[in-house]
Amino acid sequence: MRRQFIAFSILSLVAVGITYYLYWPPILWSLIVILPLILQGIYDLFQHKHTLRRNFPVLGVGRYLMEDLRPKIYQYFIESETDGTPINRMFRSIVYQRAKGALSTNPFGTKINVYQTGYEWANHSIMALNHEDLDPHPRTLVGGPDCKQPYSASIFNISAMSFGALSKNAILALNGGASKGGFAHNTGEGSISSYHLKYGGDLIWQIGTGHFGCRNEDGSFNGEKFREKALLNNVKMIEIKLSQGAKPGHGGILPAEKNTPEIAEIRGVEPYTRVDSPPTHKEFTNVEEMMFFIQKLRDLSDGKPIGFKLCVGNKLEFTDICIAMQNTGIKPDFITVDGGEGGTGAAPLEFSNSIGMPLRDGLAFVHDALQGYDLRKDIKLFASGKILTGFHMFRLFALGADACYSARGMMLSLGCIQALECHSNNCPTGIATQKNHLIKGLDVEDKINRTAKFHSETVKSFVEFMGATGVNSTHKIKRHHVYRRVSQDKIKTYAEIYPQVKIGEFV
């Protein structure tokens with residue numbers, strides 16, 4: 001192939017020369033095509049990185065072009081409504097439609113195979129409730145006995161996504177949507193920026209292992225900096241991040257190209273360096289010290305709700321946390337359970353695919369553990385992970401959730417096309433990038449409306465769904481309400497799959 005390319009190049013140049021000699025100047029236009037091919041081939045012959053291109057000059061480049069186009073061709077021309085990943089077209093479409101306020105009903109029946117193993121549903125009641133008679137905006141009050149400033153949270157909120165991972169326009173749009181729609185915006189571990197404050201949306205300030213926004217130069221916790229931000233009126237709750245579903249046991253990752261001087265100043269790190277958060281907190285080394293850290297943050301924030309987020313790993317470790325709550329008398333006001341199936345965060349493949357307990361299993365376990373140690377009554381549970389529809393919320397309430405977070409759903413409402421470029425700083429929709437020429441394409445005011453609309457329409461769909469089952473309150477949704485096909489001829493309820501633990505059973 002290399003000899004053929006060299007022969008082609010020589011013959012092409014000779015042909016052009018002869019033709020020009022015969023006074024036919026128009027043939028020179030062919031050089032626009034021929035010369036770039038020849039130059040590309042020469043480069044391919046002398047580069048040492050790609051064997052395929054050395055052996056097959058010019059033609060070898062086509063392989064890499066196809067690799068780049070493959071995900072796009074698959075998404076737009078090959079995948080069906082239900083087999084795309086991480087989020088299939090059916091769910092992406094429903095998010096887009098609800099965010100735009102477009103018609104979101106479906107004709108001609110379900111596209112899902114209802115007889116396949118894993119299919120889940122809820123049964124309706126012949127005494128279904130008129131959703132117009134139900135509370136259209138359900139909320140949950142977060143704050144245990146030691147909380148002085150409890151917060152009434154929406155049942156559907158924006159999950160943790162940092163400024164740095166997301167662009168300034170994305171943060172502005174999300175917070176503006178939260179303000180307009182009356183729900184909360186989790187800051188992620190990247191601290192609080194001016195973009196989180198501009199529209200006055202309620203914030204859940206997340207404190208990660210890097211202590212961004214409240215750290216000393218060595219990365220240790222700085223109480224004075226924490227208090228300064230914790231007392232902001234926008235900050236309604238504080239969440240300590242132990243681990244996240246995308247990469248539990250790993251710590252956060254901010255690529256160097258996303259770490260601009262502005263982001264570095266907000267986080268308290270060096271710009272244009274890769275920032276890896278430690279896998280664990282330095283402020284506590286055991287579960288009892290963790291309880292004292294929770295109390296420290298509660299005191300510094302003048303009694304605002306303090307909680308922690310985790311992807312469930314070793315069950316015995318969470319049991320130890322429950323025992324530490326009993327021994328110290330200190331309890332968090334809320335716990336967020338994240339799913340090991342991952343989320344928006346960039347992560348090594350092994351961590352996304354093969355570490356951490358999936359959301360529904362983790363949520364059921366945490367609820368049951370708190371119930372068994374008679375702690376559940378004082379602690380609210382938030383569930384985070386691929387929540388896009390009212391039914392997704394309903395089944396998490398059945399497993400014990402008091403409220404839900406969504407990250408990918410909110411990104412889709414901003415116009416995310418699932419290009420899978422979040423980690424590369426090349427997000428074409430201006431959401432997960434720090435490149436100004438891409439960011440400026442994201443219209444903040446338009447996306448504020450879309451975020452608020454997606455929230456309101458999803459909560460509305462949940463309320464309608466709940467009413468169809470004959471239930472009038474999120475607290476009355478139980479595990480027996482949700483069914484799963486476990487084999488071709490066998491159906492079980494969540495109550496059978498996740499047997500309920502009695503209050504105080506483990507005390």
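The values are calculated or read from the model by the stated rules, or taken from the named source; none is laboratory data. Just so it is clear, the structure is predicted and the values come from calculations on it, not from any experiment. So basically every Cβ, Gly included, is an ideal-geometry build from the backbone, and we count neighbours across all protein chains shown.
Worth a mention:
- Residue count for segment 44-78, restricted to those that are in contact with an Asp or Glu (Cβ under 7 Å, 6 or more places away or on another chain), at pLDDT 80 or above and among the small types (G, A, S): 0
- Some residue of segment 425-434 being surrounded by fewer than 21 Cβ atoms within 10 Å (Cβ to Cβ), polar (S, T, N, Q) and outside any helix (DSSP H, G or I): yes
- Listed by first and then second residue, the pairs linking a residue in segment 199-215 that is touching a residue at least 60 places away in the same chain (Cβ under 8 Å) and crowded, with 24+ Cβ neighbours inside 10 Å to a residue that is β-branched (V, I, T) and outside any strand (DSSP E or B), with Cβ atoms under 7 Å apart and 6 or more places separating them unless they lie on different chains, are Q206/T187.
- Reported count of residues in segment 216-256, each being within 24 Å of D202 (Cα to Cα), under 17 Å from the mean Cα position of the chain (by Cα) and not aliphatic (A, V, I, L, M), is 6.
- Among the residues making up segment 353-368, those that are in a helix (DSSP H, G or I) and buried (at least 20 other Cβ atoms within 10 Å of the Cβ) are L359, R360, G362, L363, A364, F365, V366, H367, D368.
- Single match in I417, I330 (criterion: assigned to a loop (DSSP other than H, G, I, E, B) and within 30 Å of N169 (Cα to Cα)): I417
- Taking helices (runs of 4 or more DSSP H) as the structural unit, those lying wholly within segment 133-242 and holding at least 2 residues that are among the hydrophobic types (A, V, I, L, M, F, W, C) correspond to 168-181, 223-230.
- Subset of segment 275-324 that is modelled with pLDDT of 95 or more, of a type in the set (D, E, K, R) and over 22 Å from I355 (Cα atoms) - its residue that is surrounded by the fewest Cβ atoms within 10 Å (Cβ to Cβ): D302
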